[in-house]
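The values are calculated or read from the model by the stated rules, or taken from the named source; none is laboratory data. Here the structure is a predicted model, which means the values were calculated and not measured. Positions of Cβ are generated from backbone atoms using ideal geometry, with glycine treated the same way; all protein chains shown enter the neighbour counts.
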Amino acid sequence: MDWYTDCVTSPVLDNLSNGSLNATSPTQKRVLLLKPRGFCAGVVRAIDIVKIALETFGAPIYVRREIVHNRYVVNELAEKGAIFVHEIDDVPDGQRVIYSAHGVSPAVRDASKARHLRVIDATCPLVTKVHIEAVKFAKQGYSLVLIGHRDHDEIEGTLGEAPDATQVVSNVQEVAALEVPDPNRVAYLTQTTLSLDEARDIIHALKEKFPNIVGPHSQDICYATENRQVAVRNVAHDAGLVLVVGSTNSSNSNRLVEVSRNLGTMGYLIDNSQAIDPKWLQGVDTVAVTAGASAPEVLVEDVVNYLRQNGYDSVEEVEVMPENVRFGLPPEIVQAIGGVGGAETVPVR
């Protein structure tokens, strides 16, 4: 079985490949459909893990927090039998539980062991990379500055790796208030779903305050977050409106809206076509459409169809860069299904 089929097929793309889209005139209403968009490799992997677990082990399968930050995806998996809980204490002793793509702290892992839970870890490998870096820096005696949003599940998990050595900063202003035992032994890490511009400004402020600060070997902001932001940046000046498909609690989706607005182009985050305010379209000939890394293609299709029905007859796909990353499944799943999907993780960079 191909566990990725649902994530890569799209009627919108079928129309494109069949040549049904015509060249546009300067006054013709059009949609710029950004690529890459939507599901990243970590999200595909996490969703597949829940689906495969349900098919292999049967219900109930518990999932700590939202497997990815998209309400449509969560509801769909719940209909298939997944039970979403907020904390490990909500899982009955001995049951199977899946950790979300955002990762968990060591305290959560310890609580799972205490309750004899059968854990399946869907943490994105790129988030795991940040956890490993946090442990490494803490063991080397560094004070750690974690750049990100305090209320995000990913930050909660990473912070838990070295809570006594770590401080979280969310903006440039908070950098000034940082105090550390040794200004010459400071390291920084970032949440994987930050705005590139936001992270750059905070890192610059940290380097001014701590000239000897060190960072990760390669940036922590993930390839998918970066690629989707670059795509928006590439077309924002050609569009009068940017629509980002994604849920309000999706960090990377919110960052896409910020990128558009920072470039002077109206941008809005929408769950689906029903969230579109017709007033946004007034006087707008070109609408750019993209999707956060946890938003399924079916919601993008819904938005494009809505725009077609409102006079945007031309849909042009704009591919900024190819994206072919795929992650292997965790051993708990590979062993259960006899090795299906157990390919090695594809290098990101």
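Which ones in the stretch 291-312 are touching a strand residue (DSSP E or B) at 6+ places or on another chain (Cβ under 8 Å) and either among the basic types (Lys, Arg) or over 13 Å from CYS40 (Cβ atoms) (or both)?
If the condition is that a residue be touching a strand residue (DSSP E or B) at 6+ places or on another chain (Cβ under 8 Å) and either among the basic types (Lys, Arg) or over 13 Å from CYS40 (Cβ atoms) (or both), then LEU299, VAL300, VAL303, VAL304, LEU307, ARG308, TYR312 are the ones that fit.
What single numbered condition from (1) farther than 30 Å from TYR99 by Cβ; (2) of a type in the set (Val, Ile, Thr); (3) without any contact (Cβ under 8 Å) to a residue 60 or more places away in the chain fails to hold for VAL186?
In the conditions (1) farther than 30 Å from TYR99 by Cβ; (2) of a type in the set (Val, Ile, Thr); (3) without any contact (Cβ under 8 Å) to a residue 60 or more places away in the chain, VAL186 misses (1) alone.
How about the stretch 26-127: which strands (runs of 3 or more DSSP E) wholly inside it have at least 1 residues that are within 23 Å of the chain's Cα centre (by Cα) and among the charged types (D, E, K, R)?
Per the criteria, 30-35, 61-64, 118-121.
Among TYR312, TYR306, which is the only one that is at pLDDT 95 or above, of a type in the set (Ser, Thr, Tyr) and assigned to a loop (DSSP other than H, G, I, E, B)?
Checking each option against the conditions leaves just TYR312.
Return only the number of the condition from (1) over 30 Å from ALA239 (Cβ atoms); (2) modelled with pLDDT under 50; (3) touching a strand residue (DSSP E or B) at 6+ places or on another chain (Cβ under 9 Å); (4) not basic (Lys, Arg) that TRP3 does not satisfy.
(3)
Every residue, every condition in (1) out of contact with any strand residue (DSSP E or B) (no Cβ under 8 Å at 6 or more places or on another chain); (2) at pLDDT 95 or above, yes or no:
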| residue | (1), (2) |
| --- | --- |
| PRO26 | yes, no |
| TYR62 | no, yes |
| ILE67 | no, yes |
| ALA78 | no, yes |
| VAL85 | no, yes |
| GLY103 | yes, yes |
| ARG109 | no, yes |
| PRO125 | yes, yes |
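Consider GLY141 carefully, then state whether it is surrounded by 16 or more Cβ atoms within 10 Å (Cβ to Cβ), outside the structural domain of ALA295 (by TED's automatic domain parsing) and either at pLDDT 95 or above or out of contact with any Pro (no Cβ under 8 Å at 6 or more places or on another chain) (or both).
So GLY141 does not fit the description; no.
If you go through the stretch 252-286 one residue at a time, how many are part of a helix (DSSP H, G or I) and acidic (Asp, Glu)?
Residues flagged as part of a helix (DSSP H, G or I) and acidic (Asp, Glu) within the stretch 252-286 amount to 1.
Quick one: in the stretch 210-268, which of the residues that are of a type in the set (Lys, Arg) and touching a residue at least 24 places away in the same chain (Cβ under 8 Å) is farthest from PHE327 (Cα to Cα)?
Per the criteria, the residue is ARG233.
Out of curiosity, is THR265 at pLDDT below 95 and either under 23 Å from the mean Cα position of the chain (by Cα) or buried (at least 16 other Cβ atoms within 10 Å of the Cβ) (or both)?
When the stated conditions are applied, THR265 does not pass them.
Looking at the structure I just gave you, is VAL135 in a helix (DSSP H, G or I) and free of Cβ contacts under 8 Å to residues at least 40 places away in the same chain?
yes
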